[in-house]
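Each value in this text was obtained by applying a stated rule to the coordinates, not by laboratory testing. Bear in mind the structure is a predicted one, so any value in this text is a computation, not a measurement. Virtual Cβ from ideal backbone geometry, glycine too; neighbours counted across all protein chains shown.
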Amino acid sequence: MKQDIILAGVGGQGILSIATVIGSAALEQGLYLKQAEVHGMSQRGGDVQSNLRLSSDPIYSDLIPKGGADLIVSLEPMEALRYLPYLSREGWVITNTAPFVNIPDYPEMDKVMAGLDSLPRVVALDVDTMAKDLGSPRGANMVLLGAMAAVLHILEPEKLREGIRRIFARKGDAVVASNIKAFDAGLAFSQNRK
Amino acid sequence: MADKNLLLGDEALALGALHAGLSGVFAYPGTPSTEITEFIQLHPLAAQRKVHRDWSSNEKTAMEGALGMSYAGKRALVCMKHVGMNVCADPFMGSAMTGANGGLVIAACDDPSMHSSQNEQDSRFYGAFAMMPVFEPSSQQETYEMVRAAFDYSEKRGIPVLMRLTTRMAHSRAVVESGTSVREQNELKYPDNPRQWVTLPVNARVRNRQLIKDYAAFEEDAATSRFNFLRDGADKSLGIIACGIAYNYLMENFPEGCPYPVLKVSQYPFPRPLARQLAASCQTLLVLEEGQPLVEERLKGVFDTGITVHGRLDETVPRDGELTPDAVRAALGLPALEQHPASEVVAPRPPALCQGCGHRDFFTALNQVLKDYEGARVFGDIGCYTLGWMPPFHSLHTCVEMGASVTMAIGSAYSGTYPAVAVIGDSTFTHSGMTGLLDAVNGKADITVCISDNLTTGMTGGQDSAGTGRLEAICEGLGVEKEHIRTIVPLPKNYPEMEQVIREEIEYHGVSVIISRRECIQTLRRHASKK
């Protein structure tokens, strides 16, 4: 079994925190993993992506071929669309709907949403607002992780919760609990939508 | 029992070096190499063993420091991005002549596709140039193991080893098993060939002849190296040479195994005997290599040998840019996977200076003043502030390499440019701007040097900057007149004062330095959250 994921967002949004939890869970499960990250100049408010590959067998390439991604997971709606050529025909897009506008020519929002709506398999949710409503505004990334967990068949949701507990353990029980709550909210949203 | 960790290629290299008995890492930050040194700086074993791990002022001082450590018999690692190789080329080339005593490994991280760089130069050419072996890993696990092999090889053959990573190895994470053998550091022990370390012509000529002989032996070693292998395939219509991580992209496209014979190359000099074996059964060869066509050019002869070589030169593989599984797929003649059409609504999102960054306020004030000077030219440098070229600022006219702002401003001023303004960051200034400033003082150049001081090496993630707290003293020591070393604080409320200072120093027809100082907001946030 193998799943290839493109994590997308804008530099500074923290897509790597999602990858860190998945990585921890994958390591614990004895899965093979490759994760190509973006560092350096592009982190300064530009578009960023990470290629995350999980498999029960050894993985060669650090990069996902076009048409090969099972999931695009994005913290920003336009950034989800940027990587469509990488999405496989049966692939899912899981994306935040709250735009991050730091360029003058950001497209009209209804065009962005129309682009997402035209996809056969998409879960779109406002993770920023959901996290705020849950009382953990910094948990937006974990809401998104929960939303993707519904289609991330290679790792069970409970394994990801364990990953969250490990990664956030040193920040205390309250932080762990609020991140788990955020994760569960995303998961529930996604399961209802599927 | 082995530890299992998710490590970047950079971190695997760092851990492998520590476990191989490293005594010092010498480096200047540069994407994609920075995490090697940072990993060692934070590792408890490095603290316990007192491994030298402070940042160096630039790649040249780093390379020389490491060479001194090797001279003393201990194992040293030098790390840099590819263009850092140009900065340290002098001691690097010299180190092939002195040879290594304690193991000496130079890790150069190339950045094909220029994710965060100004060119695509391929460090393997430096290896051939210096007649030095080059190791190029194809996986994170191999990186961990290879760095130990590189130290061993360096000590066995008495030669520094260049280890070449590219972005997708340096900045990609995978499971790495480590720690089953952690070796002690070397004791102090000076070379038993002391003449070789004094490169007077009388010694260097002798050494050069020896090095030429050794280089032939390095090739024989490469032909039998465990990192290089020739694997047969049933379909002889094509033979494939895959170097470093190109091997991964090749195998990615053949999940059931590659049907063609494959020569995997991760240790150079290029093992010609293995290539001859491959060509004995395959009349057509495809060369897959990350970076410039080094191997391909060596294989493509002037004479017709009846062997056809495909690769980047005939654009079977794109002539520039990093390799991808898709590019390799196309080169193999395989159809692309079915894919979604690209979205038409997506707008480009280029990197930009952070909101609240001091460079922004500096450029705003500089632009305001330069509106009144039609002939103004602003010479930029390497760092976050290079983004001052982008909208909305459009402040810079040039950016070439580390330190060039000061010296290009000098040359342009001598040609009649006025005002000639240099914009350089604090870390870049101490990396290689200081010597240029001395030239300006000695030549009484009419330039205004603006040091945009954010108290850190910002672009690479906030490493220590070598001159923090001493920039005024350095400029004064280099001979800039004290009254023309001005300090401003780049904040919107200070625009009138900033503009006045900039204007006064442009009006002064000599060397002036304006230090625009405010901490990087990224490091400021980090410091605040630590408290």
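Below is a table of values for the structure above.
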quantity: Shape metrics for segment B:267-415, restricted to C-alpha atoms - Rg then Dmax, Å; calculated: 24.3, 71
quantity: Rounded to 5, percent antiparallel among DSSP beta bridges of chain B; calculated: 20 percent
quantity: Equivalent ellipsoid dimensions for segment B:229-331 as semi-axes, Å, which come from the Cα gyration tensor, largest first; calculated: 18, 17, 13
quantity: Helix axis angle, B:358-370 relative to chain B longest principal axis, alpha carbon, degrees; calculated: 60 degrees
quantity: Average beta carbon contacts from partner chains per residue of B:164-176, 10 Å cutoff; calculated: 5
quantity: Modelled FRET efficiency - R0 41 Å, A:SER56 with B:THR180, Cβ distances, 0.05 increments; calculated: 0.95
quantity: Angle between chain B longest axis and helix B:89-98 axis [Cα atoms, degrees, rounded to 10]; calculated: 40 degrees
quantity: Fraction of beta bridges assigned by DSSP in the protein assembly as shown that are antiparallel (%, nearest 5); calculated: 30 percent
quantity: Long pairs among A:LYS34/B:LYS264; B:LYS81/B:LYS371; A:LYS66/A:LYS132, criterion Cα-Cα beyond 27 Å; calculated: B:LYS81/B:LYS371; A:LYS66/A:LYS132
quantity: Among B:VAL423, A:LEU33, B:VAL317 the positive-end extreme of the charge dipole of the protein assembly as shown (Cβ point charges); calculated: A:LEU33
quantity: Inter-part distance where segment A:125-174 and segment B:476-525 are each reduced to a Cα centre, Å; calculated: 46 Å
quantity: Estimated dipole of chain B in Debye, rounded to 20 [Cβ of Lys and Arg +1, of Asp and Glu -1, Cα centre]; calculated: 1220 debye
quantity: Spacing of the two label points (7 Å from each Cα toward its C-beta) at B:ARG157 and A:ASN102, in nm; calculated: 4.5 nm
quantity: Under 15 Å, Cβ to Cβ, from B:ALA409 - net charge with Lys/Arg +1 and Asp/Glu -1; calculated: -3
quantity: Selection of GluC sites (Glu not before Pro), segment A:78-131, meeting DSSP coil and at most 14 other Cβ within 10 Å; calculated: A:GLU108
quantity: Rel. contact order, % - alpha carbon contacts under 8 angstrom, at least six apart, segment A:23-85; calculated: 28 percent
quantity: Orphan Cys of chain B, criterion: no other Cys C-beta under 4.7 Å; calculated: B:CYS79, B:CYS88, B:CYS109, B:CYS243, B:CYS258, B:CYS282, B:CYS384, B:CYS399, B:CYS450, B:CYS475, B:CYS520
quantity: Eligible lysines near B:LYS74 by straight Cα distance, threshold 30 Å, same-chain separation 8 or greater; calculated: B:LYS4, B:LYS50, B:LYS60, B:LYS156, B:LYS189, B:LYS213
quantity: Nearest-ten-degree value, helix B:59-71 long axis tilted from longest Cα axis of chain B; calculated: 50 degrees
quantity: Net charge dipole size for segment B:274-423 [Lys, Arg +1 and Asp, Glu -1 on Cβ; Debye, nearest 20]; calculated: 200 debye
quantity: Two-site label geometry, B:TYR190 and B:ARG470: point separation in nm, points 7 Å out along Cα→Cβ; calculated: 2.9 nm
quantity: Among B:VAL78, B:ALA108, B:GLY21 the positive-end extreme of the charge dipole of segment B:4-140 (Cβ point charges); calculated: B:GLY21
quantity: Simple spin-label estimate for B:GLN48 and B:GLU497 in nanometres, 7 Å along Cα-Cβ; calculated: 5.1 nm
quantity: Charge-dipole axis of segment B:358-528 as Lys and Arg at +1 and Asp and Glu at -1 on Cβ define it, positive-most pick from B:GLY433, B:PRO496, B:SER465; calculated: B:SER465
quantity: For chain B: relative contact order, % (alpha-carbon pairs under 8 angstrom, 6 or more apart); calculated: 11 percent
quantity: Distance from segment B:353-418 to segment B:90-129 (C-alpha centre basis), Å; calculated: 30 Å
quantity: Summed side-chain charge close to B:GLY103 - residues other than B:GLY103 whose Cβ falls under 11 Å, Lys, Arg +1, Asp, Glu -1; calculated: +4
quantity: Where N is the number of residues in chain A, Cα Rg divided by 2.2 N^0.38 Å; calculated: 0.96
quantity: Sequence ranges B:10-18, B:37-45, B:140-148, ranked by mean other-Cβ count within 10 angstrom, highest first; calculated: B:10-18, B:140-148, B:37-45
quantity: Exercise: per-residue mean of other protein chain Cβ atoms within 10 Å, B:121-132; calculated: 0
quantity: Segment B:428-466 versus segment A:1-67: alpha-carbon centroid distance in Å; calculated: 37 Å
quantity: Rule-of-thumb Rg ratio for segment B:358-528 [Cα; 2.2 N^0.38 Å; N residues]; calculated: 0.93
quantity: The protein assembly as shown, dipole about Cα centre (Lys/Arg Cβ +1, Asp/Glu Cβ -1), debye to the nearest 20; calculated: 1520 debye
quantity: Cα point-scatterer Debye curve for chain B, base-10 log of I(q)/I(0) at q = 0.09, 0.13 Å⁻¹; calculated: -0.74, -1.26
quantity: Cα Rg over Rh - segment B:432-491, Kirkwood; calculated: 0.98
quantity: Helix-only CD estimate at 222 nm, as mean residue ellipticity for chain B, using -39500 (n - 2.57) per DSSP H run (n ≥ 4); calculated: -11000 deg cm²/dmol
quantity: Cα Rg, Dmax (largest Cα-Cα span) when computed across the protein assembly as shown, Å; calculated: 26.8, 81
quantity: Computed FRET value (nearest 0.05) for A:ASP173 with B:SER113, which takes r as the C-beta separation and R₀ as 41 Å; calculated: 0.40
